[in-house]
Amino acid sequence: MIDIRLLREDPDRIRAAQKHRGESVAVVDALLSADDRWRSTIAAYEHLRAEQKSLGKQIPRAQGEQKQTLLARTKELSAQVKTAEAAQNEADREFRELAMALPNLASPEAPVGGEDDFVVLEEIGTPRDFAAEGFAPRDHLELGTLLGAIDVERGAKVSGARFYVLTGIGAQLELALVAASIAKATEWGFVPMLPPALVKPSAMEGTGFLGQAADDVYHLPKDDLYLVGTSEVALAAYHGDEIFDAETLPLRYAAFSPCFRREAGSYGKDTRGIFRVHWFDKVEMFTYTTVEESDAEHQRLLAYEKEWMTALGLPFRVVDVAAGDLGSSAVRKFDCEAWIPAQGKYRELTSTSNCTQFQSRRLDTRVRRAGRTEHVATLNGTLMASTRTIIALLENHQQPDGSVLVPEMLQPHLGGRTVLEPIT
RNA sequence: GGAGGUGUCGCAUAGUGGCCUAGUGCGCCCGCCUGCUAAGCGGGUUGAGGAUGAAACCUCUCGCGGGUUCAAAUCCCGCCACCUCCGCCA
């Protein structure tokens, strides 16, 4: 949600941000007039209510005819107050509906354009030259099958398309990745968290996932609960309706949770293997801080992601996502895309967003500073998304015989193993 | 799933329809007193919103939402959370 004061004082900034995203500018005028309506209805209601209260106070002391007159007048007022209150509620509802639909203000620094208009900020590491090495790289599914690590056929048997089972060394590999990433995050000062993957509508709404992303979210109608697509949802809602003391910020969490995505509208895309699936596990970083600190914190989260990818020995590039592809809650977003040899492309492995006050306004998470309260900034960033990390590891570290070298950092978490061997 | 209980200001508690503009204690903040500290004394201490150049001012906020009433922390209905017991279960 945006700041009502900003809407009143500088609507042009919101118009510019909308334009930057390639979205409607007209909603700003609709919001302004809804705000006008709301303000006049609330003034009318409060005026009537004040009169009702002051007259009502005289009633117990009044006698006889005077009392009857007062009672008649307040009875009349009572009805008027009720009408005015209903009008005020309706105007408030209309305004909120419009305001909740508005995305966060895109940062002017985010590149102009849509999905394909990202800017590559840097490339780290060099993709292997398999031709020079004299063999064609196998893709992750082939490797996963050789290693006895990935079973998509039985995943489909059990749960349907876009499901998989990690088996044997595949299961151990994920657990090692989780342990290693949580260990890193803890070392960096993040508090490890295991939040629920099932959340209330308010948590989903508060993080902005029931807007344009609603089709991608699993809903359990019988209980009116949602399956999270990321633990960001639970972590953002975790401190909802709270007011922090200034010195408790920044607050950094690293959560492990399963993630569920319907992948509506991606039929036929990335159908092979476990690249695009309905469920995967993820370790996510999440920060509560002040708006002023949020850009620096965003860079910090990005730096952690880079450090992690580098420790895994993955060649990758960092991408500055264009304004039109930000999603509703972010003002700016950086993706780390790892080189996937079998695809010959860089693909998204991690993503970090600065959501400034968008989520904290909806969830009402504030900080008390200098005697005032203000909404905090929230930021999130992937540390380790299991399936895609496994894909990148297998493909980038494969050898001609189908074995896979284990990056040094993971070895202690795999009982000292340095190489994963095909099963016979 | 069944039965019962509880939900008031940071914490503890008072409050059974109008003197509640929510009292008191603790904690916290400011001041006085004091060589310093403590004690003592005085004042302040939820959050949000409207109006204004700024204020004074006004409205909402007693878990949440509705209702009854001229008037609701208080009465009624629904929901939520927590506690106790029973059943079931990893």
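What the table below lists for this structure:
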| read-out | value |
| --- | --- |
| Cβ-based charge dipole, chain A, positive-most Cα from A:Ala156, A:Val25, A:His239 | A:His239 |
| Amide H contacts of A:Tyr218 (H built 1.01 Å from N, under 5 Å, at least 5 apart or other chain) | A:Leu227, A:Arg262 |
| Carbon/sulfur fraction of accessible area - region A:119-420, other protein chains in place, 1.4 Å, % | 51 |
| Whole-Å distance, taken between Cα centres, linking region A:84-133 and region A:22-63 | 34 |
| Protein-only accessible surface order, largest first, of A:Tyr346, A:Tyr267, A:Tyr218 at 1.4 Å | A:Tyr267, A:Tyr218, A:Tyr346 |
| Qualifying lysines (Cα of each under 16 Å from Cα of A:Lys67; at least 8 residues distant if same chain) | A:Lys53, A:Lys57, A:Lys75 |
| Cα centre as origin, Lys/Arg/Asp/Glu Cβ charges: chain A dipole, Debye | 1520 |
| Computed over region A:35-160: relative contact order in percent, which uses C-alpha pairs under 8 Å that are six or more apart | 23 |
| Span from the region A:178-202 Cα centroid across to the region A:236-306 one, whole angstrom | 9 |
| Histogram of C-alpha separations across chain A, 10 Å bin width, % | 4, 18, 26, 22, 13, 8, 4, 3, 1, 0, 0 |
| Amide H contacts of A:Leu383 (H built 1.01 Å from N, under 5 Å, at least 5 apart or other chain) | A:Val283, A:Glu284, A:Met285 |
| Accessible area of region A:4-101 belonging to carbon and sulfur atoms, whole % at 1.4 Å probe | 52 |
| Karplus-derived 3J(HN,Hα), 6.51/-1.76/1.60, for each residue of region A:361-369, Hz, glycine and proline x | 5, 5, 9, 6, 10, 10, 10, 9, 9 |
| Surface per residue (accessible, 1.4 Å probe) for region A:4-101, Å² | 65 |
| Length-normalised contact order of region A:289-399 in % [C-alpha pairs under 8 Å, at least 6 apart] | 28 |
| Accessible surface of A:Met100 - all protein chains present, 1.4 Å probe, nearest 10 Å² | 50 |
| Farthest toward positive dipole pole in chain A [+1 Lys/Arg, -1 Asp/Glu at C-beta], among A:Phe95, A:Gln398, A:His413 | A:Phe95 |
| Dipole magnitude (debye, nearest 20) for region A:155-274, charges at Cβ of Lys, Arg, Asp, Glu | 700 |
| Anchor A:Lys222: aspartates and glutamates whose Cα lies under 20 Å away (excluding residues fewer than 8 positions away in-chain) | A:Glu205 |
| Region A:170-235: radius of gyration over Cα atoms, expressed as a fraction of 2.2 N^0.38 Å | 1.36 |
| Per-q log10 I(q)/I(0), region A:110-214, q = 0.16, 0.17, 0.23, 0.25 Å⁻¹ (Debye; single scatterer per alpha-carbon; no solvent) | -1.33, -1.30, -1.08, -1.10 |
| Cα long-axis angle, helix A:169-187 against chain A (0 to 90 degrees, to the nearest 10) | 60 |
| Among A:320-331, A:408-419, A:64-75, A:173-184, the order from most to least packed when residues are scored by Cβ within 10 Å on average | A:320-331, A:173-184, A:408-419, A:64-75 |
| Amide proton proximity set for A:Gly113, modelled H, under 5 Å, gap of 5+ | A:Ala323, A:Gly324 |
| Largest to smallest principal axis extent of the C-alpha atoms in region A:4-101, angstrom | 68, 19, 15 |
| Positive-pole candidate from A:Gly56, A:Pro250, A:Leu383, dipole of chain A, charges at beta carbon | A:Gly56 |
| 32 Å Cα-Cα threshold exceeded, pairs from A:Lys157/A:Lys345; A:Lys157/A:Lys306; A:Lys157/A:Lys184 | A:Lys157/A:Lys306; A:Lys157/A:Lys184 |
| Folded to 0 to 90 degrees: helix A:291-311 orientation relative to chain A principal axis, Cα | 20 |
| Shape call, region A:213-327: gyration tensor on alpha carbons, a/c limit 1.5 | oblate |
| Accessible area per residue in Å² at 1.4 Å probe, computed on region A:163-264 | 45 |
| Long-range tail of P(r) for region A:159-285 (Cα pairs > 21 Å, %) | 49 |
| Diffusion constant of region A:50-111 at 37 °C, which comes from Stokes-Einstein with the Kirkwood Cα-pair radius and 0.692 mPa s, µm²/s | 217 |
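The values are calculated or read from the model by the stated rules, or taken from the named source; none is laboratory data. Remember, it's a predicted structure, so these values are computed and weren't measured experimentally. Using ideal geometry, Cβ is built from the backbone for each residue, glycine included, and neighbour counts are taken over all protein chains shown. For accessibility, only protein heavy atoms count, side chains too; no ligands or nucleic acids. Shrake-Rupley method; radii C 1.70, N 1.55, O 1.52, S 1.80 Å.
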